[in-house]
Structure formats: structure tokens, C-alpha cells
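Read the structure below first, then the notes.
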Amino acid sequence: MRKLPSLKALQAFDAAARLGSFSAAAEEMSVSPSAVSHQIRALEVELGVMLFERINRTIVLTDLGKAFADRVGRGFSELEAASVAIGRTTRFDILTIHCAPSLAKQWLMPRLKQFCNANPDLDVRLNATPNPINLLSIEADFDIRFGHFPSQPGVRRIAFPPETMLVLCAPELLNGDVPIRAPIDMARQSLIHSELNLFSWNDWFKAEGLSDLFDEKGLRFDSSFMAIDAAVDGQGAILESHLHVQNELKSKRLVAPFGLAGYTVQGHSLNFVQSRTRLPKVEAFKSWILAELGIDDGSEAS
């Protein structure tokens with residue numbers, strides 16, 4: 001019979017080591033912080049070593065604690081991977097991705113077929129809502145977020161490359177009754193506003209030195225994909241991320257009067273639980289999407 005510490009104590013230790021606090025570990029395990037503290041104290045007594053230094057209200061792994069945490073983490077990851085692998089005998093594995101709606105529709109969905117073809121043993125579930133989710137509760141394997149949100153302990157964030165904001169319109173608008181030849185011409189165009197964008201028409205007019213000519217009137221949408229559809233229909237000009245309009249530019253349903261250079265924003269990010277990257281499905285999607293974005297897997301910044 002194997003001589004092992006309590007599984008609950010090991011789970012409590014692994015969670016606290018990953019998340020950096022007893023409170024965060026307790027939240028992940030749905031128990032009280034005192035229960036986590038008790039389990040870890042019992043584990044230290046059983047092992048005869050101190051795993052954490054307790055400094056005021058914070059905890060820091062000791063050197064022995066760091067070494068133990070690494071091996072315990074690998075052990076749990078192996079158990080998780082084994083559970084996933086055995087399930088493949090009766091069903092496909094499911095990769096769950098949560099994504100900001102406009103990026104899901106405009107960029108991710110057109111590319112998913114490539115990923116699925118390269119990973120036939122995976123089924124993909126794509127959920128699209130504007131709000132971030134709690135990755136620590138395993139609601140999804142990945143959360144592709146738009147904008148800036150507080151970091152979560154144990155969650156890795158990889159920023160997308162800076163996104164270029166382009167002035168765009170339907171071809172007939174470019175050479176219409178009020179042709180677009182220079183930035184000043186935008187003052188006489190109907191403007192379509194995507195209200196959640198990090199760089200607005202107001203910001204663009206200011207950057208071009210045309211603040212006095214900016215008119216706030218125009219159609220407003222809370223999702224970029226709706227603003228893009230309105231622009232394709234010829235209802236006005238939009239200011240939108242190049243990432244969102246690659247297909248429309250390729251098919252010439254939209255044109256960029258001032259070219260593909262422009263002001264940039266840091267819009268989206270890929271978020272995932274770092275300890276889950278040992279799972280084959282997580283590693284597969286992470287490697288694929290970073291390659292699609294042109295990010296070097298060995299040097300991405302979080």
C-alpha cells in the first residue's frame with residue numbers, strides 16, 4: 001500500500017502554492033480559509049518540514065515548499081491528463097473557448113476549421129459573451145478577452161499584438177457624392193460608432209488635429225460586428241480594428257481610404273490557467289493561436 005499524505009491536504013497545498021494565498025485556494029476548493037490552513041499545517045506536521053513562510057497575512061513558499069509544489073503540481077496534472085485520455089475511449093475531448101463576441105465572429109470562427117482539421121480528436125465549444133469568466137472554476141479552457149481586467153492568481157495572460165485602427169467604408173461611399181480623399185473629408189461623412197472600442201472617432205479626430213470638426217451624430221452599436229455589417233451596407237464609415245475586418249477587406253466589401261497604417265491599441269488577450277497547459281488540448285490550442293497571431297511561443301510576454 002502506498003504511503004501518501006491526505007489527498008485533501010495535497011489539494012489544499014497545490015491550490016495555495018499555485019494561487020499564492022489560503023483565501024484564493026479556499027475559494028477554488030469551496031471551503032473556508034481556516035480549513036485550507038488546517039490541512040496544510042497537518043501536511044507540514046506529517047512531512048516534518050515547513051512548506052510556507054507565514055509573514056503577517058501573506059504566505060511564501062520555502063525552498064523545500066517550492067520543490068514539493070512543483071512535483072505535486074506535476075502529479076495532479078498527470079492525473080488530470082490521464083482522466084482526459086481515458087475518456088477518449090467513449091467520446092471526443094471537448095475544448096471550451098470563451099471569446100469576446102466580435103473577435104469570435106470576425107476572426108476566430110473563420111479559422112476554427114483549420115484547428116479542427118489538425119486536431120480531429122477534439123470537439124470545440126465556442127461561447128461568446130462580452131464579460132470575462134472565472135477560469136479558475138474551469139468554466140472554459142481559454143478566455144479571449146477584450147479590454148483591461150484585473151488579473152487572477154494562477155491565470156496567465158498573453159497580449160495579442162497591437163491592433164491597428166482603420167478608417168473603413170463601402171467602396172461606393174469612397175467615391176460617392178462626398179468622396180473621401182483626405183482625413184478632413186471624414187467631417188462630412190456619416191460616422192458609425194462602435195461604443196466599446198478603445199479608440200473612438202473622437203480620439204481619431206483629436207489625433208488628426210481635427211477636433212473642431214468632430215460631430216458625435218451617427219449610428220451606434222455595442223458590438224463591432226454589427227457596426228461592420230452596417231458599414232458593408234453603405235450606412236456610413238467605421239473606425240475598426242484591422243483584426244476584425246480582414247475578410248471584408250479581402251473580399252473588397254470594405255476599403256480603407258487612408259491605407260492599412262494607423263493608430264494602434266492593445267485590445268485583446270489570451271487567458272488560461274497556467275497549470276493546465278500540460279493538458280494536450282490546452283497546449284494544442286495555445287500553440288495554434290499563438291502561431292496564427294505571429295507570437296513566438298518561447299518569448300511571449302504576460
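The values are calculated or read from the model by the stated rules, or taken from the named source; none is laboratory data. Being a predicted model, the structure only gives us computed values, none of them experimental. Cβ sites come from the backbone with ideal geometry, for glycine too, and all protein chains shown count toward neighbours.
Points to keep in mind about this one:
- Listed by first and then second residue, the pairs linking a residue in segment 1-16 that is without any contact (Cβ under 8 Å) to a residue 12 or more places away in the chain and farther than 14 Å from Ser30 by Cα to a residue that is surrounded by fewer than 20 Cβ atoms within 10 Å (Cβ to Cβ) and aliphatic (A, V, I, L, M), with Cβ atoms under 8 Å apart and 6 or more places separating them unless they lie on different chains, are Leu4/Leu10.
- Unmet requirement for Ser241, which otherwise passes all of (1) within 30 Å of Gly154 (Cβ to Cβ); (2) at pLDDT 95 or above; (3) surrounded by fewer than 20 Cβ atoms within 10 Å (Cβ to Cβ): (3)
- Residue tally, condition in a loop (DSSP other than H, G, I, E, B), in contact (Cβ under 8 Å) with a residue 60 or more places away in the chain and farther than 18 Å from Thr164 by Cα, over segment 253-302: 5
- Within segment 21-40, the set of residues being touching a helix residue (DSSP H, G or I) at 6+ places or on another chain (Cβ under 6 Å) and of a type in the set (D, E, K, R) comprises just one member, Glu28.
- Filtered residues of segment 42-51 (kept if free of Cβ contacts under 8 Å to residues at least 40 places away in the same chain and either surrounded by fewer than 16 Cβ atoms within 10 Å (Cβ to Cβ) or touching a Gly at 6+ places or on another chain (Cβ under 6 Å) (or both)): Ala42, Val45, Gly48, Val49, Met50, Leu51
- Total residues in segment 199-215, condition touching a Phe, Trp or Tyr at 6+ places or on another chain (Cβ under 8 Å), outside any helix (DSSP H, G or I) and more than 19 Å from Glu163 (Cα to Cα): 1
- Selection of segment 250-268 for residues being within 18 Å of the chain's Cα centre (by Cα) and surrounded by fewer than 19 Cβ atoms within 10 Å (Cβ to Cβ) yields Val265, Gln266.
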